[in-house]
Amino acid sequence: MTLPPKKAPGREIARSLACFVMAFLVTAGILHAALGDTLRLHADIRSEKLEMMKEWHGKVFSAVFGSSRVHDGFDPRAFDLALAGTPLATRSANFAVEGGSQSEQRVMALRFLQQLESPASAGAPAQPCLAILEFGAGANFANRHLVHPRSINIYDWQTTRLVTHFVSPGMPFQQRVGRIGFALIAETLHYANVGMLSNAIFAPPLNQEILSFQTADDRRGMDPLPDNPKFVETYQRRLANRPAVLPIRQGVVSPGNYDLIDELAANSPVSHVSFVYVVMPMTDDLWGAEDLPEHLTVHTEHGTIDVPIVNLARPDRFPQLYDPSLWGDTGHVNERGASLATQILAEQLKKWYGAHGMPHPCGG
């Protein structure tokens, strides 16, 4: 009797692995489709900002996005007051998120624009709609957030593609690999639905303390640092070692800075939204600052957009911002510092638009 030939063990293992991978991918795809809008899934700190955005729908027509430097350092009250009575008068909110990045500012700005209602349809006075973005935010989150819902919930292929465009030719190879590698791992976790199903089923409650503090006194999303006398003392001692002549290096504009504006403009249902980049100050600017162009010219499918860059990180131009009493730590201003930085931003925008033409009222 002739026995049938034995199948090669390696081939059987490969076939089993292929079946497992295929089943996993199909299951992950089904779950991902069922989850729908993953930005709605709970993520600490960001979910509270999204709740504010929902609450202020039809009441706020301009907003700022970015990392903790904007989260702590942009005061909507000061901004609106400085622009009152001018063609730039608007009602703004702070939707920057502590610990944020370019990847997160992308999804927050997209969500704001997708829900934006023109002032006319909301019964509000005609006004510009300003989307103010942090120019120098990091491309990715800090490494500690790699397996956190803050990153997993948003790293779809579009976010990953944008992150890869924040790689510049002069960037060290190791930094380039790390930046792209973080995005690819986060994207893999996103499409593998790691933790998202349980998040949808067992969603944690919103942090009412955050909501209460960031909406008190009409802060509209700002979360200022308190005064910090110990830091002020340290800062004052450091000032003795600042260079006599401020070193100015050439700043880098990445393709991602253009691509982000292009994508946001393409996804805004309201016409004539105006975009602005802002560079927030840090105390380390006193030891070296960057020179950046005053604006970017972005070519989109619907025309050319000029995007002003307001670089507040220039001690030679805005020395008043670097008073020790205005800072809570090395990278974040306190509430008085936020008010002053925001007033300067508003004044710089009035100058820029005064020289280049005022924006159209949005939706008009």
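The values are calculated or read from the model by the stated rules, or taken from the named source; none is laboratory data. Just so it is clear, the model here is predicted, and its values are computed rather than measured. Every residue, glycine among them, receives a Cβ derived from its backbone with ideal geometry; neighbour counts consider all protein chains shown.
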Give me the residue from the stretch 84-111 that is outside any helix (DSSP H, G or I) and hydrophobic (A, V, I, L, M, F, W, C) and, out of that set, farthest from His165 (Cα to Cα). Ala84
Scanning the stretch 248-262 for residues that are among the hydrophobic types (A, V, I, L, M, F, W, C), surrounded by 15 or more Cβ atoms within 10 Å (Cβ to Cβ) and either outside any loop (DSSP other than H, G, I, E, B) or under 15 Å from the mean Cα position of the chain (by Cα) (or both) gives Leu260, Ile261
Within the stretch 272-301, restricting attention to residues that are among the aliphatic types (A, V, I, L, M) and in a loop (DSSP other than H, G, I, E, B), which residue is surrounded by the most Cβ atoms within 10 Å (Cβ to Cβ)? Met280
Within the stretch 302-329, residues being at pLDDT 95 or above and in a loop (DSSP other than H, G, I, E, B) number 8
Could you list, in sequence order, all residues of the stretch 127-151 that are modelled with pLDDT of 95 or more and aliphatic (A, V, I, L, M)? Leu130, Ala131, Ile132, Leu133
Quick one: which residue in Ser274, Ser212, Ser268 is touching a Cys at 6+ places or on another chain (Cβ under 8 Å) and either without any contact (Cβ under 8 Å) to a residue 40 or more places away in the chain or small (Gly, Ala, Ser) (or both)? Ser274
Number of the exception - Trp327 against (1) more than 21 Å from Phe65 (Cβ to Cβ); (2) in contact with a Pro (Cβ under 8 Å, 6 or more places away or on another chain): (2)
Return only the number of the condition from (1) among the polar types (S, T, N, Q); (2) part of a loop (DSSP other than H, G, I, E, B); (3) over 16 Å from Glu347 (Cβ atoms) that Gln114 does not satisfy. (2)
Looking for whichever is more than 23 Å from the chain's Cα centre (by Cα) and among the charged types (D, E, K, R) here; the options are Asp306, Asp329, Asp323, Asp285. Which one fits? Asp323
Can you tell me which residue among Val60, Val70 is among the β-branched types (Val, Ile, Thr), modelled with pLDDT of 95 or more, under 16 Å from the mean Cα position of the chain (by Cα) and surrounded by 24 or more Cβ atoms within 10 Å (Cβ to Cβ)? Val70
Going residue by residue through the stretch 134-155, is there one that turns out to be among the basic types (Lys, Arg) and surrounded by 20 or more Cβ atoms within 10 Å (Cβ to Cβ)? yes
Members of the stretch 45-63 found to be touching a strand residue (DSSP E or B) at 6+ places or on another chain (Cβ under 9 Å) and under 21 Å from Ser212 (Cβ atoms), listed by number: Lys49, Met52, Met53, Trp56, Lys59, Val60, Ala63
With the requirement that a residue be surrounded by 14 or more Cβ atoms within 10 Å (Cβ to Cβ), charged (D, E, K, R) and either touching a Ser or Thr at 6+ places or on another chain (Cβ under 7 Å) or at positive phi (or both), what does the stretch 202-247 give you? Arg220
